[in-house]
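The values are calculated or read from the model by the stated rules, or taken from the named source; none is laboratory data. What you see is a predicted model; the values in this text were computed from it and never measured. Glycine also receives a Cβ, built like all others from the backbone with ideal geometry; neighbour counts cover every protein chain displayed. Please note that ligands, DNA and RNA were not included when accessible areas were found on the heavy atoms of the full protein model with its side chains. Shrake-Rupley method; radii C 1.70, N 1.55, O 1.52, S 1.80 Å.
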Amino acid sequence: TLENSQMKKTLIAMAAVAVAGAASAQVTITGKYAFGFTSDETNAGVATTGLGVTDGNLTFSASEDLGGGMSISASSEFVSRGRDTSITGRNASMTVAGGFGSVMMGSIEAGNPVDNYSGGQGRDAGGTITADGNVDILMWTLPAMAPGLNVQLKKTDPTTAGAVGASNTSGVSLGYSVDALTVGLDITNYKATSTAKSRTTMGAKYALGFATISAGSQTYKYLSTATNTADKKETVFGISAPVGGMTVGVTTRKMAQSGTNNISSTDIGATYALSKRTSVNVSSESTKTVGTAQSAQYRRIKLL
């Protein structure tokens, strides 16, 4: 039951759009919801515990055949977590595909590319490696030039209209998959208004059959005028494997830079599937920052 009138109006409007477009396009509605209990402790020994919604979203997707080997698809995600007076938009994109490959444009929640190789089943508290924010993006995925090869050209701007800032970038990503092995390379260049000059990411995943391992390395280079000119290096490693009816995993992350910007973390987790769509996840993460007396601890159990 929807107890919030504003949410009711929003969902009714979106459903009307979906029904109206169903005659000419395929419209789907997907989403997820998760609720959990957390017990955290900072590196200063301050502990907090509590219940809360960890995930809650609805995604509306539509696609249409334009003819001549071309198609168009669109997706818009709305987030609602807990008892709130509104739902907010997160990811929205539109993609045109054809013989030229595909061109995606939208406003998305960008992730750190090195985290694609973290693997594992645990909880990432988000305080170890650099977190990317929201960006407006234009991305061209080139037609396949060889089996297993994927090439993307990307341009991003800050979501603030007319702004030029640290998230104003251009870059290229290459991925190659053959059998159980996947490797990737991402090179991003930043505008001069950012203290960062470039970011280079490399990583690989390999499915051994009994387990999947992954590892990635990333280097930020800075302008000579930046306050801290030392390169910042980030690394991740993960392994996950089925054990009985569960999937268990271990992930390590590390950030290294001169000064106090040195952080490492290890998280472990296990996910048990109750059905094809519902599961229980238990996870624990320990994060250590150089110069602190003890590690921060993050523990959570959630139903999703």
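Below are the figures for this structure:
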{"item": "Inter-site label distance for ALA92 and VAL290 at 7 Å from Cα along Cβ, in nm", "result": "4.3"}
{"item": "Accessible heavy-atom area order of LYS254, LYS276, highest first, probe of 1.4 Å", "result": "LYS276, LYS254"}
{"item": "Separation of the VAL172 and LEU66 label points, Cα + 7 Å toward Cβ, nm", "result": "2.5"}
{"item": "Calculated from backbone phi, Karplus (6.51, -1.76, 1.60) coupling profile of region 90-97 in Hz, x at Gly/Pro", "result": "10, 9, 9, 8, 9, 10, 10, 10"}
